[in-house]
Each structure stands twice: as structure tokens, then as C-alpha cells.
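Let me begin by presenting the structure, written as C-alpha cells, before commenting on it.
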Amino acid sequence: MDFSLERARGLAVGVLTVVLLAAPAVTHAAAKRVAVLDFQASWSGTCGGQKALRGDDADRCEVLGLLTDEARAGALEVLRPPAYVVMTRENTAQLLKEMGSKQACTEGECEVETARLVGANLVISGQVSRLGATWIASVKLHDVGTAALLGTTRAQGGSTLEALNALKREVELMVRKATGTSGAAPSTGSVTEGAIGAAAVTNFGGEAEAVVVAFESEPAGAVVLVDGQILCMGTPCKKRVAGGSHEAVFQKERYGAASQRFAAAKGAVVKGTLAPQFGWVSVETTPPGLGVSIGGADAGRSPVDAKEQDPGGVEVVVSDPCWQRTGERVAVQAGQRRSVKIAAKARMAGLNVEAEDEKGNAVEGMVKVDGVEVGAVGATLSVPVCSKRVEVPLGKEIFAADLKLEEGKVARLTAKPGAVGSAGGMVRLPGGTYTTGETKTTVTVQPFLLDLTEVTVGAYQACVKAGKCRAAWDTVDWPGISDADRRQSSSCNRDRIDRANHPVNCVDWNQAVAYCTAQGKRLPSEEEWEWAARGAEKGTTYPWGNDAPRNQLCWNGEGNDLGKGKRMSTCPVGSYPKGDSPQGVKDLAGNVWEWTSSSYDASHRVYRGGGWRGDDPRSVAAARRGRFTPDDRDGNLGFRCARCGRSSWLMELQPGRLMSIGRMSGARARA
């Protein structure tokens with residue numbers, strides 16, 4: 001129902017008459033009516049609605065009501081009858097209900113209009129916020145007739161009781177200052193006669209000139225209140241402020257408020273430093289890259305840097321299916337940085353491997369798990385439960401099988417010639433003629449053999465132990481390298497025993513050549529490499545076909561299994577069978593770029609294949625080529641070996657099995 005302003009005021013007077021029946025009769029002018037609107041909350045959600053509130057929401061709304069009542073009590077201390085009548089909450093709510101309105105605004109214009117509806121002359125309104133345990137109330141007093149802002153104040157307290165007491169005092173002071181009222185009832189014993197009216201105002205220069213003031217905070221993003229009024233929603237900011245002395249308060253969620261007195265002057269900068277109401281926890285694990293939980297919540301993979309944590313005791317543990325739940329409980333204080341280092345212990349399983357020759361006779365040998373020798377054939381060995389692959393040399397052939405182990409249980413298998421494919425094997429590729437994708441050169445490739453996978457850390461370390469290879473580098477380097485790029489040395493796999501089955505990286509071109517030579521092999525030419533990566537005669541964009549790269553490879557692009565930009569290292573070789581070429585060659589896209597034997601120019605060698613850091617589909621295409629000098633090395637760069645098509649023996653991967661091919665005619669090809 002719509003009511004005219006006169007009707008609204010008449011209704012308000014009628015209700016007030018009932019409230020004031022017990023008051024003594026007076027003969028002077030009508031009392032000024034004061035409305036105290038329900039304080040509004042700065043946090044999300046509402047109070048006083050139909051929805052039942054529980055827990056912290058209910059507690060906050062109760063405090064909101066108490067603060068409103070305390071502001072009303074403060075006003076009553078100063079604005080006393082018969083000159084003033086402070087309306088009760090019930091009066092105000094009833095009038096608004098009958099008019100179809102409600103108390104739900106904090107802007108000055110809205111507050112004044114609400115007060116007009118209930119026939120008030122003055123209106124007090126406020127907004128309440130909470131930062132940690134501190135309650136902060138900002139209060140305003142408006143003249144309803146002129147809509148003029150008569151006064152503002154702010155009160156805060158570290159507890160509800162402190163906030164209530166502070167608010168009552170501040171409201172009393174604000175009202176007394178704005179109205180010029182002492183709080184005592186006016187005397188009616190004598191009347192001072194005189195002229196009515198005030199002198200016209202002719203001097204408007206008394207107000208201080210407004211100037212631009214800059215507000216900054218540490219950390220940035222704080223809300224700025226000046227003299228209790230919100231001035232800026234996020235620092236840094238610049239706002240115009242009236243000259244003179246003021247109080248600035250900086251507020252930010254999860255930080256204690258910072259207060260600063262300042263004099264507004266041209267070029268002034270007001271800075272606030274907010275104290276965090278939380279601490280930070282950093283976590284390192286040995287080995288790195290393990291899943292970590294802090295306080296029961298997933299914190300990602302180590303190292304974890306400065307994770308925010310509420311004060312109190314918190315458990316920091318390794319939470320990874322391959323590693324035992326290990327860690328410690330630490331006490332976190334607000335503003336404190338805690339660093340936790342955890343030496344993880346692998347979950348273990350048993351492995352027993354027997355070996356036989358073609359006639360079923362038992363043979364001796366050593367067992368390798370993920371490229372590392374772990375013990376002799378026939379023994380029950382203790383190995384990490386997440387081990388991926390087992391290998392046993394059987395004469396000129398290498399038996400290999402994928403592992404799926406269970407913690408505390410012994411897995412048993414028998415190694416036989418021709419049983420399973422091998423990570424140490426090679427794939428025969430047919431020859432052919434094609435046009436290269438980037439240089440647009442027509443080339444002919446002769447049949448050749450290419451390593452099934454990139455050379456692993458374990459395989460390269462074996463060459464180092466045999467004295468045939470130099471140790472891989474533990475740093476990255478190239479001409480003009482920046483300090484930021486040099487920090488990528490942490491991605492080198494050399495000393496990572498947990499990455500024995502990852503591709504070796506941080507090796508220069510000469511080291512790659514030396515390894516392949518020691519194996520009786522050589523580096524592939526870039527033409528051979530591209531022929532393999534394009535599916536030979538199929539001529540596809542990527543090894544697996546023409547579909548855009550997503551989860552078929554170890555890279556950092558859109559759709560990868562860890563999420564774009566979240567991969568921090570190489571992957572175990574052969575981990576992405578969806579990315580295999582039609583001939584079965586693994587990781588020709590992603591994981592690491594691969595050295596080739598070809599020259600880019602007089603000073604550089606060509607590398608191919610895309611790496612784990614790449615996030616652009618073009619970087620992992622079969623045609624993509626790059627260049628490094630022979631002395632350069634990078635955590636994104638490794639290699640695999642090739643061999644000419646003629647050989648005294650070879651291992652050829654075919655669907656479902658590995659075949660030993662007998663001695664071929666002709667001289668053995670040299671690498």
C-alpha cells in the first residue's frame with residue numbers, strides 16, 4: 001500500500017502518542033523525533049529474515065542487534081524529553097511494515113528517506129564489520145529535513161562487551177557535538193525573550209580545502225575508512241580529503257586493522273601495515289615432488305611454499321600413495337613462518353624373479369628395477385611399491401615387464417626369452433621418402449632402428465659407472481643464460497635416485513654422442529627422427545596422429561593430467577602409451593627434447609621433440625626443430641640412440657611380444 005509523506009508522519013505521530021501517554025504534558029513546541037535504524041552488516045548474508053540462522057551467523061546477527069540497541073541507548077543519554085523522543089525499534093519496525101518498507105539500507109539518501117517515512121527529524125544509522133575478533137561499527141547522524149550529514153563516528157572493540165561500551169560512548173559524543181545538547185532536560189522556569197532568526201551566512205571560505213591524498217598498505221588490497229567512512233575499497237588508491245586532521249583505518253580480511261592519524265595536505269601519502277591473523281607453513285620433502293597435506297587439506301606436491309595456515313597446532317604429513325605417511329605436528333602463530341622438512345620413506349613390496357633360457361634351464365643374473373640393480377635373480381628383493389618396470393638380461397636379449405605391486409606382498413614372475421617388450425629395446429622403422437615439415441626439403445631415409453624410449457637416468461648412470469660416460473650435469477647452461485633461467489638447474493635429474501626411469505637430462509651433445517657410441521649405436525639424424533615422429537609413411541602432425549595434444553604426452557599444455565602449467569619435472573619414460581607412434585616408439589613428443597646428429601648451422605646442433613615445460617601444441621609437433629651449441633645443456637633436453645638397419649642381432653617390438661632375431665648376413669653396421 002502507498003502512503004503519502006503526510007499520512008506516514010500522521011501514522012508515526014499516532015504510534016508515538018501511545019508510547020508517550022505516561023509522559024508529562026508540555027506546552028512548548030513538539031518534540032523532535034529520532035529514529036535509530038537497525039545496523040547493517042558488511043559481511044555476506046542477512047539478519048532478521050525468514051531463514052533460520054545457525055552457528056556463527058546467528059551469533060553475528062545477535063551482536064548486530066545489541067550494537068543497534070547500544071547506539072539507541074547512547075542517543076537517549078543526550079536526546080532527552082521533552083525536546084527529543086528517541087523512537088523504539090518496535091515503533092519503527094511496525095510503521096515500516098504497515099508501509100510495505102523495511103530497514104535495509106546504508107546509503108545516506110536511503111536512510112533519510114526511511115526516516116521520513118516514520119516521521120523522524122533525525123536518523124542514526126550504522127554499519128558493522130568484523131576483522132578476526134575485532135568488531136568495528138561506523139555510525140552516521142543525518143538531519144532528515146535537509147538530508148545533511150550532521151556527524152559520524154566509529155567504535156571498535158576486541159570483544160563484544162568492549163565494542164558495546166565503546167559504541168555507546170562514541171554515539172553520545174557524536175550526538176552531543178552535532179546537536180549542541182548537554183544531555184540535561186531544558187529548564188522551563190524562565191524564558192529569554194529576543195528576536196527570532198539568524199544572521200545570513202555570507203562567508204563560505206571557512207571550510208578547509210580538499211586535497212588529494214594517497215593511501216597505501218602492506219599488503220595491498222585493504223579497505224580504507226577515513227573518520228569512520230569508507231573512502232577506498234582497495235589500496236593503493238588516491239582520494240580527495242578535506243584539509244585538517246583525520247584518522248585512517250585500513251581493513252583487510254584475515255588481517256588486523258591498522259589505524260593512522262594524518263594531516264591532509266597536498267601530496268600526502270598515508271601508509272598502513274596490517275598484521276596477519278594467520279601464519280605460513282613451507283614444506284620440503286626428500287625426495288621432492290611428493291603429495292603433502294597440511295591440517296588435513298591437500299597442499300599439492302612438495303616443495304610447498306608459504307601456505308597460509310590459521311594459528312594453532314597443525315599436522316604436516318606426506319600424503320602420497322607411494323610413500324609412508326610421515327611428518328610432524330607444528331604450532332603456528334599469527335605472523336609466524338614455519339618450515340618443515342620431511343625425509344619420506346617409500347612403501348615397500350617384495351619381488352622374486354626367476355630366469356630361464358630357451359630350454360627352460362635356470363640361469364643366473366641381476367635384476368634391475370626402474371633402471372637400478374636391486375639384487376640377484378632368485379632372491380626375494382625389497383623394492384618400492386610404486387616401482388614401474390623390471391628388467392633381466394638374458395644373453396643378447398633383455399627381458400622386461402611392467403610391475404604392479406602391493407605393499408607388504410611378494411610378486412613372483414619368471415623371465416623367459418621372447419616374453420615381453422623391453423624399455424631397453426629398439427624399434428625397426430622402414431625407410432621412405434618425404435618432405436620435411438619445417439625446411440620443406442624432400443629427403444630419403446633408409447631403414448633404421450630407434451630406441452623404444454629416451455635414455456633413462458639409470459641407464460646413463462650405468463655407463464658412468466662403467467667409465468665410458470661422463471656424469472650428467474647438475475646445472476643448466478647456455479650462452480647469455482639469465483639468473484632466472486639458471487634456477488632451472490633444480491630440474492636436472494642426475495642425483496635423483498627416485499627418477500631412475502626418467503629420461504636423463506642436463507647432458508650436452510658430446511655426452512649424448514659418447515653414450516650412444518658406448519652402446520654400439522649413434523644419435524639419429526633429424527630426418528630419421530622426424531620420419532619416426534610423423535608415423536613414417538603415415539605423415540601425421542604428431543606421433544599419435546593429427547588430434548591436438550592433451551593427455552597423450554608429458555607436457556605442460558592444456559588438457560594434461562596435472563593441469564596447465566602445473567608440471568614441475570620430467571615423467572617416467574613410456575608413461576603415456578596414448579602418445580606412442582604407430583610403430584610403438586614412446587615419448588617422441590614431450591618429456592624431453594632430443595639431440596640429433598644433424599647440424600643446424602656451423603655452430604649449432606638440431607634438437608627435436610618438445611619437452612615437459614612446453615605448453616604450445618606447435619612445440620610438440622613432429623616437424624618442430626630447435627638448436628643448441630654442442631656445449632649447451634638444459635633440464636628440458638635429453639636424447640635417444642639409433643642404429644643402422646643392418647645388424648648382427650636386434651630386438652624388434654611387435655604387438656604383444658619381443659622377438660630375438662638371429663644373425664643377419666653382411667657385416668655388422670658400425671654406429
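The values are calculated or read from the model by the stated rules, or taken from the named source; none is laboratory data. Bear in mind the structure is a predicted one, so any value in this text is a computation, not a measurement. Cβ: placed from backbone, ideal geometry, glycine included. Neighbour counts: every protein chain shown. Surface accessibility is based on the protein's heavy atoms, side chains included, excluding ligands, DNA and RNA. Shrake-Rupley method; radii C 1.70, N 1.55, O 1.52, S 1.80 Å.
Summary of computed values
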{"quantity": "Selection within the stretch 556-584 - in contact with a Ser or Thr (Cβ under 8 Å, 6 or more places away or on another chain) and either closer than 28 Å to Leu429 by Cβ or among the hydroxyl-bearing types (Ser, Thr, Tyr) (or both)", "calculated": "Ser569, Thr570, Val573, Gly574"}
{"quantity": "Residue that is nearest to Val34 (Cα to Cα), among those in the stretch 71-99 that are open to solvent by less than 10 Å² (accessible area, probe 1.4 Å) and not in a loop (DSSP other than H, G, I, E, B)", "calculated": "Ala75"}
{"quantity": "Residue under evaluation Gly350, criteria (1) within 30 Å of Ala401 (Cβ to Cβ); (2) surrounded by 18 or more Cβ atoms within 10 Å (Cβ to Cβ), criterion not met", "calculated": "(2)"}
{"quantity": "Some residue of the stretch 245-259 being over 25 Å from Leu149 (Cα atoms), open to solvent by less than 20 Å² (accessible area, probe 1.4 Å), out of contact with any Gly (no Cβ under 6 Å at 6 or more places or on another chain) and not in a strand (DSSP E or B)", "calculated": "no"}
{"quantity": "Test: residue in the stretch 594-603 that is at negative phi, in a loop (DSSP other than H, G, I, E, B) and buried (at least 21 other Cβ atoms within 10 Å of the Cβ)", "calculated": "no"}
{"quantity": "Counted residues, the stretch 167-176 - those being in contact with a strand residue (DSSP E or B) (Cβ under 6 Å, 6 or more places away or on another chain) and modelled with pLDDT under 90", "calculated": "0"}
{"quantity": "Selection within the stretch 369-402 - touching a Cys at 6+ places or on another chain (Cβ under 8 Å) and either modelled with pLDDT under 85 or in a loop (DSSP other than H, G, I, E, B) (or both)", "calculated": "Val385, Cys386"}
{"quantity": "Residue match in the stretch 311-327 (condition: under 19 Å from the mean Cα position of the chain (by Cα) and open to solvent by 40 Å² or more (accessible area, probe 1.4 Å))", "calculated": "yes"}
{"quantity": "Close pairs from the stretch 306-317: first in contact (Cβ under 8 Å) with a residue 24 or more places away in the chain, partner outside any strand (DSSP E or B) and surrounded by 20 or more Cβ atoms within 10 Å (Cβ to Cβ), Cβ under 6 Å, at least 6 apart", "calculated": "none"}
{"quantity": "Odd one out for Lys359, checked against (1) modelled with pLDDT under 95; (2) within 29 Å of Val427 (Cα to Cα); (3) in contact with a strand residue (DSSP E or B) (Cβ under 7 Å, 6 or more places away or on another chain); (4) of a type outside the set (Gly, Ala, Ser)", "calculated": "(3)"}
{"quantity": "Test: residue in the stretch 557-575 that is open to solvent by less than 30 Å² (accessible area, probe 1.4 Å), hydrophobic (A, V, I, L, M, F, W, C) and assigned to a loop (DSSP other than H, G, I, E, B)", "calculated": "yes"}
{"quantity": "Every pair of residues 6+ apart whose Cβ atoms lie under 9 Å, when the first sits in the stretch 470-484 and is of a type in the set (S, T, N, Q) while the second is in a loop (DSSP other than H, G, I, E, B) and surrounded by fewer than 15 Cβ atoms within 10 Å (Cβ to Cβ)", "calculated": "none"}
{"quantity": "The lone exception for Cys469 - which of (1) surrounded by 20 or more Cβ atoms within 10 Å (Cβ to Cβ); (2) at pLDDT 95 or above; (3) out of contact with any Cys (no Cβ under 9 Å at 6 or more places or on another chain); (4) of a type outside the set (Ser, Thr, Tyr) it fails", "calculated": "(3)"}
{"quantity": "Given (1) of a type in the set (D, E, K, R); (2) without any contact (Cβ under 8 Å) to a residue 40 or more places away in the chain; (3) not in a helix (DSSP H, G or I), number of the condition Lys578 does not satisfy", "calculated": "(3)"}
{"quantity": "Residue count, the stretch 353-364 (criterion: buried (at least 17 other Cβ atoms within 10 Å of the Cβ) and not β-branched (Val, Ile, Thr))", "calculated": "2"}
{"quantity": "Positions within the stretch 177-191 being part of a loop (DSSP other than H, G, I, E, B) and either buried (at least 20 other Cβ atoms within 10 Å of the Cβ) or modelled with pLDDT of 65 or more (or both), in sequence order", "calculated": "Gly180, Thr181"}
{"quantity": "Test set (1) assigned to a loop (DSSP other than H, G, I, E, B); (2) farther than 30 Å from Asn361 by Cα; (3) within 37 Å of the chain's Cα centre (by Cα) - Gln461 fails condition number", "calculated": "(1)"}
{"quantity": "Which numbered condition Val270 fails, given (1) within 23 Å of Val385 (Cα to Cα); (2) open to solvent by less than 60 Å² (accessible area, probe 1.4 Å)", "calculated": "(1)"}
{"quantity": "Failed item in (1) at pLDDT below 95; (2) open to solvent by less than 50 Å² (accessible area, probe 1.4 Å); (3) among the basic types (Lys, Arg), with Lys578 passing the rest", "calculated": "(2)"}
{"quantity": "Scan of the stretch 323-356 for residues that are in a loop (DSSP other than H, G, I, E, B) and touching a Lys or Arg at 6+ places or on another chain (Cβ under 8 Å), ordered by number", "calculated": "Gln324, Thr326"}
{"quantity": "Identity of the residue in the stretch 138-172, in contact (Cβ under 8 Å) with a residue 12 or more places away in the chain and more than 21 Å from Gly65 (Cα to Cα), that ends up farthest from the chain's Cα centre (by Cα)", "calculated": "Gly145"}
